[in-house]
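The next block holds one structure in the form of structure tokens; read it before the comments.
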Ligand code: SF4
């Protein structure tokens, strides 16, 4: 099977969880788990704020940001959501209420501690540089790479927003393949020799502590771009040859809690002695 186009998220999924990528392609996307629903709530709040702030230069009132996060969780629960056995026992309504509460707390912290220090930029066509679809072709490997950038600020820093249960590693931005791919697209589309990138993280721990981690800034230049093109070429070749490596069972993602394909997967180890969630 020829692969001419690949999204940033698919390339990352394939590299981390090859068999999950195959399932997604053949069976369809898995329903989002609670962590993803919560993260989407934060994204919805941030996007609502940043789309208008690109032009007004003013952050929205807190209530509007909180409402956007809560509405997003509500909308997710109107579709399919993947619940763990524990969550199913708790009941969908209780889980939804808790998820809404946590998404609102993340959004509140974003509004207090992250949004005030970011001024979203504008695209050349005058539209906000928020959730902008980008794509570029990589002739050396015969591939078009595409994705959606969270935000580019007016200093031209491409920023990615994450929610997490713990502070990111100190080198998270440095090592992020997602940022490397954004940097590569930026380089191809604008000719900029070096791209500036940043990772903004809002943390909500299991214990209920909610804070904004220090923003991590990084760059990508010619050497990183060459390495990423090599990497993408290898990913493309492996997909075309249908080499889908299963995730190691000790990886956090290879569990009924995080992998919606777990029950159907031929690689999972079953039996009463195995952890079930
Ligand atoms: S259960 Fe594990 S090996 Fe199977 S698709 Fe999910 S992550 Fe991959």
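The values are calculated or read from the model by the stated rules, or taken from the named source; none is laboratory data. The structure displayed is predicted, hence computed values, not measured ones. Glycine also receives a Cβ, built like all others from the backbone with ideal geometry; neighbour counts cover every protein chain displayed.
Odds and ends about this structure:
- When residue 175 is tested against (1) surrounded by fewer than 20 Cβ atoms within 10 Å (Cβ to Cβ); (2) in contact (Cβ under 8 Å) with a residue 24 or more places away in the chain; (3) under 19 Å from the mean Cα position of the chain (by Cα), exactly one condition is not met: (2).
- When residues of the stretch 111-157 are limited to those that are in contact with a helix residue (DSSP H, G or I) (Cβ under 9 Å, 6 or more places away or on another chain) and part of a helix (DSSP H, G or I), the one surrounded by the fewest Cβ atoms within 10 Å (Cβ to Cβ): 112
- For residue 243, the test of being within 16 Å of the ligand (Cβ to nearest atom), farther than 21 Å from residue 47 by Cβ and not in a helix (DSSP H, G or I) is passed.
- Among (1) within 18 Å of the chain's Cα centre (by Cα); (2) surrounded by 14 or more Cβ atoms within 10 Å (Cβ to Cβ); (3) within 16 Å of the ligand (Cβ to nearest atom) - the single one residue 252 does not satisfy: (2)
- Annotation: of all residues in the stretch 4-22 being buried (at least 19 other Cβ atoms within 10 Å of the Cβ) and outside any helix (DSSP H, G or I), the one that is modelled with the lowest pLDDT is 17.
- Among all residues of the stretch 213-226, there is none that is at pLDDT below 95, under 24 Å from residue 171 (Cβ atoms) and either within 16 Å of the ligand (Cβ to nearest atom) or surrounded by fewer than 20 Cβ atoms within 10 Å (Cβ to Cβ) (or both).
- Evaluation of residue 28 against (1) away from the ligand (no atom under 11 Å from the Cβ); (2) in contact (Cβ under 8 Å) with a residue 12 or more places away in the chain; (3) over 22 Å from residue 176 (Cβ atoms) (one fails), failing number: (2)
- When the stretch 53-94 is filtered for residues that are in contact with a strand residue (DSSP E or B) (Cβ under 8 Å, 6 or more places away or on another chain) and closer than 16 Å to residue 110 by Cα, only 53 remains.
- Residues of the stretch 23-41 that are part of a loop (DSSP other than H, G, I, E, B) and within 16 Å of the chain's Cα centre (by Cα): 29, 30, 31, 32.
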